[in-house]
Structures are given as C-alpha cells and as structure tokens.
Amino acid sequence: MAAQGRTTVRERASVAGRVVLAAGGGYGVAALATALLSLTLPMARSEAVATATLLSFAVMAGIVVLVFSTRTLLRALLTVGGAALVLGALLWLAMGGSRP
Amino acid sequence: MKASFRQSMAWLHTWSGLIVGWVLFAIFVTGTASYYRPDISRWMRPEFTQVEPVDAAALGAAAERAVAHLGQHAAKARTWFIGLPQADKPVLDLFWRTRPGEPPGHVLLDPRTGAEAAVRDTQGGDFLYRFHFELHMPPLWGRWVVGLCAMIMLVALISGIVTHKRIFADFFTFRRDKAPRRSWLDAHNVTGVLALPFHLMITYTGIVTLATFYMPWGVTAAYKGNAQAFFSEASWITTPRPPANRPAALAPVGPMVERARAARPEPLERLMIVNPGDANATVVAVFEEPHGLSHEHPQIAFDGVSGEILEVRDGGLKPAAKTFTVMTGLHEGHFAGPLLRLLFFLCGLMGCAMVATGVVLWSLARLPKAGERPFLGLRLVQALNVGSIAGLPAAVAVYFLANRLLPLDLAGREQWEIRAFFGAWIVAALVPLARPQRRAWCEELAAVSVLCLAVVAADLLTIPDHPLRLGGGDPLFAWFDAAMLLLAALFALAARKMLRYEAPKRDRARGAKPAPVTAPAASPARPPARRPEPTHA
C-alpha cells in the first residue's frame with residue numbers, strides 16, 4: 001500500500017509474484033479446467049464445450065481471489081500448481097482415452 | 001497477504017480498481033452510449049431521415065444491386081456481407097474481407113439505384129460501439145486489453161463485495177454533508193451496490209460475448225480448434241461449406257430473398273454470401289431476432305448455385321448453448337423496450353459513476369497532510385482522473401460536433417471525426433497535468449457542458465428540418481438534443497459544485513477526532529494508513 005509508507009522490497013516482490021501467479025496461474029487453471037470439462041462432461045459435445053467455457057471465467061476469478069487471499073505466496077503457488085498438475089494429468093488421461 | 005481475508009480483498013479491490021479504472025471508465029461510457037447505438041448512428045446520418053423506407057417487396061431487387069456491386073468491386077473476397085435496408089437505415093450496407101491483414105471493404109449503396117448512397121461519411125454510433133470492446137486498437141489487441149480489464153473488473157467486484165461488511169445498509173447510506181471522502185465513499189458504494197446485479201451481469205456477460213475468443217481451449221480440446229464446427233453443432237450458425245474450388249455462377253439472389261421473406265415473419269436483416277463464384281457458394285439469409293432475451297438470429301441457408309434451401313436454423317438450442325445466447329442477449333439488451341432500455345442506460349451510467357468515484361476516492365485517500373508535498377503518483381492519478389472522467393465526455397461531444405461541422409465533402413471525413421475525438425481527448429488529458437487539480441476539474445467539467453450545448457446549437461443550425469425549427473421533422477433530433485441539454489446541465493452543476501466546494505470542511509473534519517470507525521464498508525481492522533482516518537480506498 002503506497003499510503004502505508006515504507007514498503008520493503010520483499011513485500012513488493014511478493015505482490016508482483018502474486019500478480020503473475022494470479023494472471024498466469026488463474027488463466028492456466030481455467031484453461032485446463034475448460035479443456036478437461038469439454039471432454040468429460042456427460043452431455044453432447046457442443047453442450048460440454050459451452051458449459052465449460054461459460055464456467056471458465058468464474059474459475060479464473062476464483063483462482064485470482066485465492067491467490068490474493070492465501071497467507072503466503074509459496075502456499076498460493078503450491079495450491080495453484082497442484083490444481084494445475086491434477087487438472088493437467090486428468091486432461092492427459094482424458095485425451096489419451098479419447099484416442100483409440 | 002499477512003492479513004484477514006477481508007483486508008486482503010480490500011487491498012485487491014483498491015489496486016485492481018485503480019489500475020484499470022480509466023480504461024474501464026471508457027468501456028463503461030462507450031458501452032452505455034451503445035444502448036442507443038442505432039439512434040446515435042441515425043442522428044449522425046441526418047440524410048437518412050429524408051429517405052423513404054424501402055418497401056419489403058423491393059428487397060430482392062435491392063439485394064441484386066448489392067451483388068452486382070460486390071461482383072465488380074470485391075470479386076476476390078471470400079465472404080460478402082449485405083446489410084439490407086431497414087426502416088431506420090434505408091441503405092444497403094456492404095462489407096467484405098479479402099484476406100487477413102488487408103483492410104476490409106465497406107460501402108453504403110442506395111437500394112433504389114445501386115449507386116453510392118448520398119450520405120455523409122461517418123462511422124456513427126458504430127465507432128463508440130467498437131471502441132467499447134476494441135478501444136480503436138487492432139481488434140486482436142483491443143479485445144485482449146478489454147478482456148483483461150473486464151476480468152479485473154470481475155475480481156474488483158468480488159473483492160468489493162467481500163470488503164463490505166453490511167452491504168444491505170450501504171444501499172441506504174449516503175452522507176453528503178460529512179467529510180468529503182466519506183461522501184465519495186458513500187457515492188461509490190451507492191452506485192456500486194444499488195446496481196450491483198447489473199454490474200455483475202454486465203461484466204460476466206461481457207466476457208461471455210467473446211468467450212470462445214478468450215477461452216478457446218474447450219474448442220481446441222473437443223473440436224481440434226475448429227470453432228465453426230462447434231458453432232454449427234451448437235446450432236448457432238448454419239453448417240459451413242468449404243469451397244469446391246470449381247467456378248460456378250451465383251444464382252440470382254432476388255428469388256432467394258423472396259423465399260426467405262415468405263418463410264418467416266421477422267424482417268430480413270442481412271445476407272451473407274460465402275465463397276461467391278464457387279460451385280459450393282452459400283447464401284445465408286439472417287433475420288432479426290424474434291422477441292426474447294436470447295440473442296439468436298433465425299437463419300436460412302441457400303445453395304448459391306441452385307438456389308435451393310439447404311438448412312433452416314430456428315431456435316431449438318440445447319440448454320448450455322441457449323444459456324450462452326441468453327447471456328449475450330442480456331449484455332446487448334436488444335430485447336429491451338424504451339423504458340427497460342432507459343433503465344439499462346441508467347444502470348450503465350451508475351457503472352460509470354461507480355468507476356469514476358472509485359478512482360477519485362483513491363486519490364482522496366492519499367491526499368498529503370498539510371505541509372507535505374504530493375507524491376508524483378498522486379499528481380498523475382489526479383490528472384488522469386480529470387482527463388478521463390471529464391475528458392472522455394468532452395471527446396464524445398467533440399465527435400458529435402465534428403459530425404455536424406466538418407465539410408460534407410472532406411476526403412476521409414470518417415477518419416477526421418475520429419481524429420477530432422482523440423485530439424480532444426489528448427488535449428483534455430494533458431491540460432490537467434499543468435493546472436492545479438481543482439481548477440482543472442472545474443474547467444474541464446465546464447468545457448464538457450459548453451461542448452454539449454455546442455452540439456445542440458450545431459444540430460439546430462445545420463439540420464434544416466429540425467423539429468424545433470419547423471415543428472415537423474424527425475423527433476429523434478429533439479430527443480437527442482434534449483439528452484445533450486440534460487448532460488450539459490449535469491456537467492455545469494458538477495463544475496459549479498467544484499467551484500463552490502468549501503475546502504475548510506475537510507480540514508474541520510480532519511481536525512475533529514478520526515471519523516467513526518463503525519461506518520459501513522470502512523474496514524476497521526486495516527493497518528493504519530498514512531492519515532489517521534480509516535480508509536477504504
């Protein structure tokens with residue numbers, strides 16, 4: 001906070017890190033979730049894609065809020081990274097399963 | 001963040017709001033104006049009010065003239081778009097793209113002769129509409145910037161809601177006589193909270209209108225990136241047909257227009273001719289939306305060579321696809337009649353006010369104490385606040401003014417109108433950097449007021465059959481000018497407030513004990529700001 005007077009370099013770096021994590025991680029997780037749901041939701045293909053795409057922005061907003069409210073940057077990084085890994089693995093399975 | 005959830009959200013709200021505030025303000029203003037895009041376009045092309053609307057029976061012949069023109073001037077284009085004459089826009093509106101990177105072609109034709117329409121060269125309301133989501137940048141860049149801002153707006157809304165302790169009480173809280181910052185905070189809360197459903201709806205649905213552009217990964221995964229296949233499977237468009245790469249003459253479109261008109265009650269809005277001159281040419285007739293929330297145009301696809309009907313698209317969307325189109329429909333508000341449209345417009349204005357009060361609040365919360373020098377960032381924010389909140393309305397007024405005052409035969413007139421818009425905006429953004437903050441506010445608000453009056457004066461002077469001159473004529477001009485007068489009065493009032501505003505009040509408030517911490521929306525547990533009062537912004 002600028003109005004708060006002294007801001008340490010460490011705090012600034014933490015904020016910058018969160019911004020990068022929120023933007024990149026948020027979009028990444030939302031994109032993975034969209035792709036995964038598009039392939040796995042039990043409905044017609046176009047419906048699955050439409051549903052997943054409609055939800056994706058709520059997912060992204062949720063991740064951003066999470067990143068900025070988590071106590072430490074490391075914990076936020078682990079949470080988002082973990083979510084991305086799990087989603088990525090499931091997506092890999094889903095895509096492998098879709099190819100005979 | 002080493003703080004509570006509410007505190008971290010307050011921080012997020014403050015900074016995300018500031019960073020995109022000015023762009024968001026521009027998006028909100030131009031978007032709000034776009035609720036009246038057809039009216040603005042018509043006002044900016046006064047020649048149209050003197051043209052008799054085209055009879056529906058003559059549409060086929062008009063379409064033939066359009067095709068003849070396109071065959072001559074756009075033979076290589078892959079798709080022709082033909083806007084058919086409407087009651088409020090009695091011309092053929094032709095548009096074509098040859099290949100990516102080349103500027104698209106665009107021309108208005110007289111539907112009765114096929115010659116270029118005698119109408120002033122202007123983008124009309126379309127400029128404001130496109131600015132709303134492309135910011136007059138290359139579309140790809142503009143859309144991403146707007147999408148980013150919209151996403152941050154969504155986050156700012158969510159964090160703003162979390163920041164509120166007593167959101168219901170804030171509906172009814174406006175303390176205009178308290179310390180100025182408190183009034184601004186209340187104004188920010190009232191405009192934000194009262195229209196909150198609208199703000200949430202408009203932000204999310206705004207992102208959804210370009211959803212497959214921002215988030216194409218579902219289409220990538222399930223359709224190997226073939227968006228057209230997705231759109232047609234979702235029943236949004238007729239099935240696309242690839243070119244056969246064999247030449248064949250296009251069948252006359254007149255009979256197709258007749259068949260399309262006979263098939264449906266809605267007025268025919270436009271034709272889309274894909275791969276003209278190819279054996280697989282397709283003519284798609286697109287109708288106006290039937291009444292309802294959902295944004296879906298009924299469509300009929302014809303084989304361009306045989307003239308036979310290939311496919312009829314008429315509703316029957318599955319739930320998720322329907323949700324999509326309803327969200328788009330909600331955003332665009334085509335369904336809204338005059339009163340509901342006015343409500344949308346007022347909600348949009350409240351959005352503008354919410355963003356404006358928000359960025360002003362940021363600078364008020366950081367005013368230097370007596371004897372302190374304002375830091376550079378504060379000075380910049382203050383100047384940008386004036387430059388956007390008063391500067392953009394001034395630029396829009398200058399845009400309207402240019403439409404009336406530029407010579408009709410000026411080459412590239414359309415571009416000059418836009419240059420006038422940006423020229424005015426740049427001046428309005430630079431002047432406050434050199435002026436004392438309060439005087440800058442005062443001067444620019446007054447300037448907007450004068451410019452709005454000038455628009456009315458120019459309208460009266462240049463439109464010979466203005467209803468206020470003859471008592472006849474199109475009432476649109478009277479309505480438009482009335483809106484301008486209202487805006488002029490509003491900005492004049494704001495300028496007067498700024499002039500008469502008593503600075504000592506703030507000092508009195510500061511001299512007294514710190515303002516009550518129990519105020520709604522102030523976050524009591526926040527770390528002390530530079531000033532003793534609790535700060536929300």
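No value in this document is a laboratory result; all are computed from the given coordinates. Only a predicted model underlies this, so the values are computations on that prediction, with no experimental measurement involved. Every residue, glycine among them, receives a Cβ derived from its backbone with ideal geometry; neighbour counts consider all protein chains shown.
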Taking chain B as the reference, fit the longest principal axis to its C-alpha atoms, fit the long axis of helix B:391-405 to the helix C-alpha atoms, and give the angle between the two in degrees, 0 to 90, nearest 10.
-> 40 degrees
Averaged over all viewing directions, the convex hull of the alpha carbons in the range B:189-344 casts a projected area in nm² of 11.4 nm²
Magnitude of the Cβ-charge dipole of chain B, K/R +1 and D/E -1, about the Cα centre, nearest 20 debye?
-> 3440 debye
Of the residues B:A440, B:Y35, B:A492, the Cα lying farthest along the dipole of the protein assembly as shown towards its positive end, which is defined by charges on the beta carbon of Lys, Arg, Asp and Glu, belongs to B:A440
In chain A, whole DSSP H helices that both stretch 24 Å or further along their axis by alpha carbon positions and average at least 1.0 on the Kyte-Doolittle scale are A:45-69, A:73-98
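State, as an integer percentage, the relative contact order of the range B:336-473 based on alpha-carbon contacts under 8 Å between residues 6 or more apart. Show your work: numbers first, answer last.
Numbers: 105 pairs, mean separation 34.4, N = 138.
Over the range B:336-473, the number comes to 25 percent.
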Other chains near B:9-22: what is the mean number of their Cβ atoms within 10 Å of each residue's Cβ?
-> 2
Surpassing 30 Å at the alpha-carbon level, of the pairs B:K369/B:K497; B:K76/B:K322; B:K89/B:K318, are B:K76/B:K322; B:K89/B:K318
Taking a crude spin-label model, label points 7 Å out from Cα along the C-beta direction, the A:W92 to B:A263 distance in nm is 4.9 nm
Per-q log10 I(q)/I(0), chain A, q = 0.15, 0.17, 0.20 Å⁻¹ (Debye; single scatterer per alpha-carbon; no solvent) = -0.66, -0.77, -0.95
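For chain B, which semi-axes, largest first and in whole Å, follow from the square roots of 5 times the eigenvalues of its Cα gyration tensor?
The three semi-axes for chain B are 47, 28, 19 Å.
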Please arrange B:D409, B:D314, B:D55 by counting, for each residue, the other beta carbons lying within 10 Å of its beta carbon, fewest first.
-> B:D409, B:D55, B:D314
Debye log10 I(q)/I(0) for the range B:421-488, one point scatterer per Cα, at q = 0.17, 0.20, 0.29 Å⁻¹ = -0.68, -0.81, -1.19
How large, in Å, is the range B:353-401 by the Kirkwood hydrodynamic radius built from its alpha-carbon pairs?
-> 12.0 Å
Using Cα pairs under 8 angstrom and six or more residues apart, how large is the relative contact order of chain B, in percent?
-> 17 percent
Quickly work out the B:L340-to-A:T72 label distance, labels modelled 7 Å from Cα along the C-beta direction, and quote it in nm with one decimal.
-> 5.4 nm
Could you give the length gained on full extension between B:L410 and B:L200, defined as 0.36 nm per residue of separation minus the Cα-Cα distance, in nm?
-> 71.3 nm
Please get the size of the charge dipole for the protein assembly as shown, origin at its Cα centre, with Cβ charges of +1 on Lys and Arg and -1 on Asp and Glu, quoted in debye to the nearest 20.
-> 3980 debye
Is there a simple number for the mean count of other chain Cβ atoms within 10 Å of the Cβ of residues in B:313-326, and what is it?
-> 3
Could you work out the mean count of beta carbons from other protein chains within 10 Å of each residue's beta carbon in A:51-63?
-> 6
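Would you mind getting the Kirkwood hydrodynamic radius of the protein assembly as shown from its Cα pairs, rounded to one decimal in Å?
27.2 Å
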Among B:C149, B:C452, rank each residue by its count of other Cβ atoms within 10 Å, from fewest to most, as a rough exposure measure.
-> B:C149, B:C452
Long-range tail of P(r) for the range B:252-391 (Cα pairs > 27 Å, %) = 53 percent
